Amino acid sequence: MSGFEVIIYQKRDGIGYVTLNRPQALNAYNIQMRDELYQVLGAIRDDPEVDVVIFQGAGEKAFCAGADLTEFLTAPSPIVARQVRWERDIWGLFLSIAKPLIAALHGYVLGSGIEIALCCDIRLASDDAQFGLPEPGLGIIPAAGGSQTLPRVIGRAGALEILLSGRWVRAEEAYRLKLVNRVVSRAELLPEAEKLARKMKTYNPLAVSYAKQAVTRGLDLSLAEGLGLEAKLGRRLPVSS
Ligand code: COA
């Protein structure tokens, strides 16, 4: 897929690469990025040639410095602007993708940036990464799922502290909080993500997809229901012997 301006989408050997590409604005998430990302996510979901996806940010300083503040200030009202975003339900689409999604995070990972990362399954960070949710300081709340996804990943107390205090968390602390799976050097970030992606794509894509669904859908169920879901998904896989 080509013709995008603020997202680069590439496919190589079964791996999709999504690059947020507004480095001059620290990859701030604007309406155009939302629209392009929406198309790219649809393609990822439906394309049988893509088994696993890596998300990254262009430039040296940021994965994504959050919602575009210039657009935010010129929009008819923050509430209307946020409503438009919800109507497209890009976050529902993101979370519905049953393929492994890896976030390769460097520099500033703020607001929508951390929320994109939280829609992914595995988060790798370089040692220069900094995470935060500045929304309450701007008089708004996260609108890309962060108020729901962050506590599900790191727990209630940590999520509330980050959200309510506006404190930024550096890579090592993010690792201790289990916000990221691993911290590597900046030079190792993409190679590590690719190593993981290449390993995952050697497996049966259906088994990988069901394993992801068993975990992600199961987390919203009771244990008994989750075990039922696991059994149901397991029965759908062809028996190998
Ligand atoms: N929206 C729009 N533009 C942004 C942006 C955002 N969220 N974040 C950074 N930019 C732009 C800056 O305006 C600047 O543009 P310019 O060169 O035309 O002046 C460029 O990106 C570089 O940012 P700069 O602030 O010069 O970099 P820095 O290293 O000094 O500071 C930050 C980095 C992240 C601390 C700072 O840019 C910042 O606080 N950004 C806003 C974060 C935020 O509140 N996001 C909203 C979350 S809901």
_Report every pair of residues separated by at least 6 positions or lying on different chains whose Cβ atoms are under 6 Å apart, first residue within the range 92-112 and touching a residue at least 12 places away in the same chain (Cβ under 8 Å), second more than 16 Å from the ligand (Cβ to nearest atom) and acidic (D, E)._
P100/D121; L101/D121
_Among (1) away from the ligand (no atom under 12 Å from the Cβ); (2) part of a loop (DSSP other than H, G, I, E, B), the one test that A143 misses_ = (1)
_From the list L190, L160, exactly one residue is farther than 26 Å from L219 by Cβ and among the hydrophobic types (A, V, I, L, M, F, W, C). Which is it?_
L190
*Check the range 127-134 and report whether any residue there is part of a helix (DSSP H, G or I) and of a type outside the set (S, T, N, Q).*
no
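Take the residues in the range 96-126 that are part of a helix (DSSP H, G or I), among the small types (G, A, S) and more than 10 Å from the ligand (Cβ to nearest atom); name whichever of them is nearest to P48 (Cα to Cα). Let's see the steps before the verdict.
First pass over the range 96-126, keeping only residues part of a helix (DSSP H, G or I): 96, 112-118.
Still in the list and also among the small types (G, A, S): 96, 112-113, 117.
Okay, now just the ones that are also more than 10 Å from the ligand (Cβ to nearest atom), so 96, 117.
Details: S96: 15, A117: 23 Å.
My answer is S96.
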*Could you look through the range 131-161, keep only residues that are within 16 Å of D89 (Cβ to Cβ) and crowded, with 18+ Cβ neighbours inside 10 Å, and pick out the one that is modelled with the lowest pLDDT?*
A143
_Based on this model, can you work out whether A193 counts as within 16 Å of the ligand (Cβ to nearest atom), under 22 Å from G57 (Cβ atoms), of a type outside the set (F, W, Y) and in contact (Cβ under 8 Å) with a residue 40 or more places away in the chain?_
no
*Select from the range 167-195 the residues that are in contact with a Lys or Arg (Cβ under 6 Å, 6 or more places away or on another chain) and either surrounded by 18 or more Cβ atoms within 10 Å (Cβ to Cβ) or closer than 19 Å to G16 by Cα (or both) and list them in ascending order.*
V180
*Would you tally the residues in the range 202-241 being exposed (fewer than 10 other Cβ atoms within 10 Å of the Cβ) and among the polar types (S, T, N, Q)?*
4
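Sort through I8, I54, I44 and tell me the only one that's aliphatic (A, V, I, L, M), part of a strand (DSSP E or B) and under 18 Å from D121 (Cβ atoms). Let's see the steps before the verdict.
Details: I8 fails: under 18 Å from D121 (Cβ atoms); I44 fails: part of a strand (DSSP E or B).
The unique qualifying residue is I54.
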*If you take the residues of the range 8-62 that are within 12 Å of the ligand (Cβ to nearest atom) and on the phi > 0 side of the Ramachandran plot, which of them is surrounded by the most Cβ atoms within 10 Å (Cβ to Cβ)?*
N27
_Yes or no: the range 174-181 includes at least one residue that is more than 18 Å from L110 (Cβ to Cβ), free of Cβ contacts under 8 Å to residues at least 60 places away in the same chain and among the aliphatic types (A, V, I, L, M)._
no
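The values are calculated or read from the model by the stated rules, or taken from the named source; none is laboratory data. Note that the structure is predicted; figures quoted are calculated from it, not measured. When we count neighbours, we look across all protein chains shown, and the Cβ atoms used for this are built from the backbone with ideal geometry, even at glycine.
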